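What follows is a short report on a single structure.
The values are calculated or read from the model by the stated rules, or taken from the named source; none is laboratory data. Worth saying up front: this structure is predicted, and the values here are computed from it rather than measured. Glycine gets a Cβ as well: all are built from the backbone with ideal geometry, and neighbour counts include every protein chain shown. Areas reflect the complete protein model, heavy atoms only, side chains present, ligands, DNA and RNA absent. Shrake-Rupley method; radii C 1.70, N 1.55, O 1.52, S 1.80 Å.
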Amino acid sequence: MAEKDIVIPLSKVLIAGDGKTNNKYIKIIEDDDIPILCVNRGMQKKRLMPFKVLHDNNINFFQKPGSWEYYLTGESYNKLKEKAIVKHGSWEFEMPWGMKEPEFKKKDDDIEELDAATADDIASFGSEYKAINNMTLEEKVSQLNKDRDRLDEILADPKSFPKNEIAEVLVDTTKNAALVNHAALEDAIHHADDEAKKLTQGLVDSTHDMIKSSAKLISDDIFGNDLMSTLVEKSNGTIIQHMTRVYLNGIAFLAYYNKLISESSAIQKMRISFASKYRDYYRHLLPHIHGDDIDLERVFFGGMRVIPPELFNKWAVGFLIHDIGKGAAVEYHEGEEKYNRQIVIDHVKQGYKSIMTKTNYPMEASLITGYHHEYYGDRDGYGYFRAYLTQYKKDNPHAKPDYCMTYELEPILDYHALAYFPAKVLEIIDVYDSVTDPNRVYRKAMKPEEAINMMREQFVEQHHKIDVVLFDIFSKFIYEKERINKK
């Protein structure tokens, strides 16, 4: 084969025989702007990209590729080899991995044969991912708009639709939105930031419109029996089903929270029982504040209050895309044998960075994505935002938080509060969903009461990971839902 026709898998060159990354070659590729050939067989796309753009987005991108494959062309390979010999006096590889560059055919009957590279993504995101991944960006946006129209049709006259049909539409439209966003962001990372933001603007707008309709429908029927049973029936253990369940249950819980705050004496009851029931828990989180000064208003910056619609919808976006950084290699819950902490941590970083740099989604959604495993600073927690806080505390050594949670962004950014309210909500729902999923691969699913008891013991009493006030409200939500579903 001629040099121009040859490609070499990037992983073969950048990963040594002992499994370690060849950082000296990475530096040469970055310093000399040696381009990388990106190939997506399912979408029948090839694109030359700067290595640095991909590497900055995800340092492990070439190690376990999913729908995209990464190669050095013969020309790039020889350039890297020449530079390596000059700089290091040696070259460790020869050409046995050379192969002919893919030539894509455009016939529909050839797509199945060329689509094998998407197998890992299909395994993690469900069989529907293949069809959505093959859509153009315009078709993806069109799918979101069609789904919004379906939801709006129901909202116009909900009584004329059977409950089970409404549930089906909610589950399917949420799943589609999660799949569309994942597929679109997978493609967006191959574009420069400004270009990616322009390309995904229609996606962002349509997703937001769909979520407004979806959230309204869920809020109108918080404990919809058919919705919960449909979620169970359609669950198959994939990441996308987890994202779907977390979104739908998350919206239902936020609506329940609003209802509880606005229509009952819940706040006053918590304020009365706070000293005996909750104060000791929060003393551990705010040790620099005198115990007598720790009350409900210290837990919630600005006090507990109803979440306004605009903020509600921004948080809903974060709930939908919270695991957008996950790929085929990531179990959606910290399993035992398959658990790899670094891979799990990376998914948070990847999701946060891709949303922040490649889209115009609101910062609230980005922060939820990057902060939903923070666990109040517990050593088992992780999140992209921790690095920011670590640096902030170095630059401001006397800074200490005055509150535990905030509804707004600013108190998080200036370390005035320890945690972001919607991220603390998502932590609870994320853990609950992962241990109650009826199709868990690695462990028998817990029943709701078992899950609540386990979470209270391990995430509240033994470790201060999730927020105890929010958890008590969530427990009430679950018990009430179970009671209604048993009728």
For region 191-203, give me each residue that is open to solvent by 10 Å² or more (accessible area, probe 1.4 Å) and either among the aliphatic types (A, V, I, L, M) or assigned to a helix (DSSP H, G or I) (or both).
Ala192, Asp193, Asp194, Glu195, Lys197, Lys198, Leu199, Gln201, Gly202
Any idea how many residues of region 410-430 are in a helix (DSSP H, G or I) and either of a type in the set (Phe, Trp, Tyr) or within 17 Å of the chain's Cα centre (by Cα) (or both)?
10
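One line per residue, one yes/no per condition, for (1) modelled with pLDDT of 80 or more; (2) more than 19 Å from His464 (Cβ to Cβ):
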{"position": "Tyr282", "(1), (2)": "yes, no"}
{"position": "Leu285", "(1), (2)": "yes, no"}
{"position": "Gly291", "(1), (2)": "yes, no"}
{"position": "Glu297", "(1), (2)": "yes, yes"}
{"position": "Leu320", "(1), (2)": "yes, yes"}
{"position": "Thr357", "(1), (2)": "yes, yes"}
{"position": "Leu367", "(1), (2)": "yes, yes"}
{"position": "Tyr376", "(1), (2)": "yes, no"}
{"position": "Arg386", "(1), (2)": "no, no"}
For region 244-259, check the following and say yes or no: at least one residue is open to solvent by 60 Å² or more (accessible area, probe 1.4 Å), under 17 Å from Lys476 (Cα atoms) and in a helix (DSSP H, G or I).
yes
Within region 21-58, can you find the residues that are modelled with pLDDT of 75 or more, of a type in the set (A, V, I, L, M) and outside any strand (DSSP E or B)?
Ile26, Ile28, Ile29, Ile34
Among the residues of region 59-103, write down those that are at pLDDT 75 or above, open to solvent by less than 20 Å² (accessible area, probe 1.4 Å) and either of a type outside the set (A, V, I, L, M) or assigned to a helix (DSSP H, G or I) (or both).
Phe61, Phe62, Trp68, Tyr71, Gly74, Ser76, Tyr77, Leu80, Ala84
Hits in region 145-187 (condition: at pLDDT 95 or above and either among the basic types (Lys, Arg) or within 28 Å of Glu69 (Cβ to Cβ) (or both)):
Lys146, Arg148, Arg150
Can Glu480 be described as among the acidic types (Asp, Glu) and either closer than 22 Å to Tyr282 by Cβ or part of a loop (DSSP other than H, G, I, E, B) (or both)?
no
Test: residue in region 388-400 that is touching a residue at least 24 places away in the same chain (Cβ under 8 Å), surrounded by fewer than 22 Cβ atoms within 10 Å (Cβ to Cβ) and assigned to a loop (DSSP other than H, G, I, E, B)
yes
Checking Tyr339 against (1) at pLDDT below 90; (2) buried (at least 20 other Cβ atoms within 10 Å of the Cβ); (3) hydroxyl-bearing (Ser, Thr, Tyr), the condition it does not meet:
(2)
Across region 364-387, what is the number of residues that are open to solvent by 20 Å² or more (accessible area, probe 1.4 Å) and under 14 Å from the mean Cα position of the chain (by Cα)?
2
Given the conditions (1) open to solvent by 20 Å² or more (accessible area, probe 1.4 Å); (2) touching a residue at least 24 places away in the same chain (Cβ under 8 Å), every one holds for Asp414 apart from (2)
Exactly one condition in (1) touching a helix residue (DSSP H, G or I) at 6+ places or on another chain (Cβ under 6 Å); (2) at pLDDT 95 or above; (3) more than 18 Å from Glu427 (Cβ to Cβ) is not met by Trp315; state its number.
(3)
I'd like the full set of residues that are closer than 22 Å to Tyr247 by Cβ and polar (S, T, N, Q), limited to region 402-434.
Ser434
Residues that are open to solvent by less than 10 Å² (accessible area, probe 1.4 Å) and either in contact with a strand residue (DSSP E or B) (Cβ under 6 Å, 6 or more places away or on another chain) or at positive phi (or both): does region 174-190 have at least one?
yes
